[in-house]
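Accompanying notes for the structure given below.
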Amino acid sequence: MASEISPKAEISPKAKIGNNCKIFPFVYIEDDVEIGDNCIIFPFVSICDGSRIGNNNKIHQGSVIAALPQDFNFRGEKSYVQIGDNNVIRENVVINRGTHRDGVTKIGNNNFLLEGTHISHDTVVGDYCVFGYGVKIAGDCEIGNGAIFSSSAIQNANTRVGRLALVQAGTSFSQDIPPFVIAGGKPLAYGGPNSTMMREAGIDDKVQKHIANAYRLLFHGKTSVFDVINQIKDQVPDGPEIQTIIQFLENSKRGIMCK
């Protein structure tokens, strides 16, 4: 089915628009843009060069996709934003493209970005994440599948948030938040395993207890992260979720929260 495009939208003839899209008045789309099928682009959205948008996405009023990176290292190189399928991008969301040549800011599938969210350059977002009102994600961050950010959370540059982690409202952090945990407060504190989301994800109670034991060693022990990794390997029954935790800890460059 042909797309429904308002004559009041300003769209480059070089842009590639898929089938069955609806593009409202006053949308602005530049040359180097590709949009998949069944997308809805609401009024006053700007989709800039380097945008690669999949299928079944909804982008609401005032959002800017592939805005120039807010990075002093940017020299005008050609870079990208890649957005997967089935994402809801609400009002006034800004997503910056990568800083360096062929750099990419990636948004996966089935994510929900509420009003005022900002995803900065070269950040990688997984699937099924939720970003609350006014969440700010700095450059070069990584966010695992199913992570949730409550309103006004701030993730500083070069940090990671693991799978199914919950970042509570108003939290600002500069170190990695591991998978399956609740983190929040000022100062930042460990709030226990994210049992609700683990249950929703089908992680059974026995495995959740193993995860809780691993984090008891990490956050309540007095040893280094290196020693904690060895303790987890020795004391906690192995499994995919435990391996996810171990690998996350081993790959941390900015350090682990509260350690």
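The values are calculated or read from the model by the stated rules, or taken from the named source; none is laboratory data. Values in this document were obtained by computation on a predicted structure and should not be read as measured data. Glycine gets a Cβ as well: all are built from the backbone with ideal geometry, and neighbour counts include every protein chain shown. Remember, those area values only see protein heavy atoms, side chains included, never the ligands or the DNA or RNA. Shrake-Rupley method; radii C 1.70, N 1.55, O 1.52, S 1.80 Å.
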Theoretical ellipticity at 222 nm over the chain - DSSP helices of four or more residues, -39500 (n - 2.57) apiece, nearest 500: -5000 deg cm²/dmol
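Given Cα pairs under 8 Å that are at least 6 residues apart, what percent is the relative contact order of region 64-143? Before the final figure, lay out each step's value.
On the way: 230 pairs, mean separation 21.8, N = 80.
Computed over region 64-143, the figure is 27 percent.
On the protein heavy atoms, probe 1.4 angstrom, tell me the percent of accessible surface of the chain carried by carbon and sulfur.
Values: 5990 of 12050 Å².
That fraction is 50 percent.
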Principal-axis tilt of helix 205-220 within the chain, Cα atoms, nearest 10 degrees: 80
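As a test of understanding, state the convex hull volume per residue of region 151-259 from its alpha carbons, in Å³.
Considering the Cα atoms of region 151-259, their hull volume per residue is 90 Å³.
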The lysines whose Cα lies under 30 Å from the Cα of K186, excluding any fewer than 8 residues away in the same chain, are K106, K136, K209, K222, K253, K259
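Ranked from highest to lowest mean number of other Cβ atoms within 10 Å per residue, what is the order of the peptides 246-254, 146-154?
Values: 246-254: 14.9, 146-154: 21.6.
Output ranking for 246-254, 146-154: 146-154, 246-254.
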Arrange the peptides 45-57, 213-225, 21-33 so that the one whose residues have, on average, the most other Cβ atoms within 10 Å appears first. 45-57, 21-33, 213-225
Can you order the peptides 111-119, 5-13, 171-179 by their average number of other Cβ atoms within 10 Å per residue, highest first? 111-119, 171-179, 5-13
Cut-off 11 Å between beta-carbons: net charge of the residues surrounding M1, Lys and Arg +1, Asp and Glu -1: -1
Projected onto their principal axes, the Cα atoms of region 4-69 stretch, largest extent first, over whole-Å spans of 30, 21, 20
Report the local net charge at C39: Lys and Arg +1, Asp and Glu -1, summed over other residues whose C-beta lies under 9 Å from its C-beta. +1
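Using just the Cα positions, wrap region 73-118 in a convex hull and report its mean projected area in square nanometres, one decimal place. Before the final figure, lay out each step's value.
Values: hull surface 13.4 nm².
Dividing the Cα hull surface by four gives the mean projection, 3.4 nm².
Which of rounded, prolate, oblate describes region 151-194, given a ≥ b ≥ c as roots of the alpha-carbon gyration tensor eigenvalues and a/c under 1.5 marking rounded, otherwise prolate only if a/b is larger than b/c?
Values: a/c = 1.61, a/b = 1.12, b/c = 1.43.
Oblate, because a/c is 1.5 or more while a/b does not exceed b/c.
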Note: region 1-154, point scatterers on Cα, Debye, no solvent; log10 I/I(0) at q = 0.15, 0.21 Å⁻¹ equals -0.69, -1.34
Over its alpha-carbon atoms, the chain yields an Rg and a Dmax in Å of 19.8, 65
What accessible area per residue comes out for region 1-102, rounded to a whole number of Å², with a 1.4 Å probe? 50
Largest-first principal axis extents, alpha carbons of region 85-235, Å: 45, 31, 30
Computed over the chain: longest principal axis from alpha-carbon atoms vs helix 240-250 long axis, angle to nearest 10 degrees, is 90
Restricting the calculation to Cα positions, tell me the Rg (one decimal) and the Dmax (whole number) of region 45-124 in Å. 11.5, 34
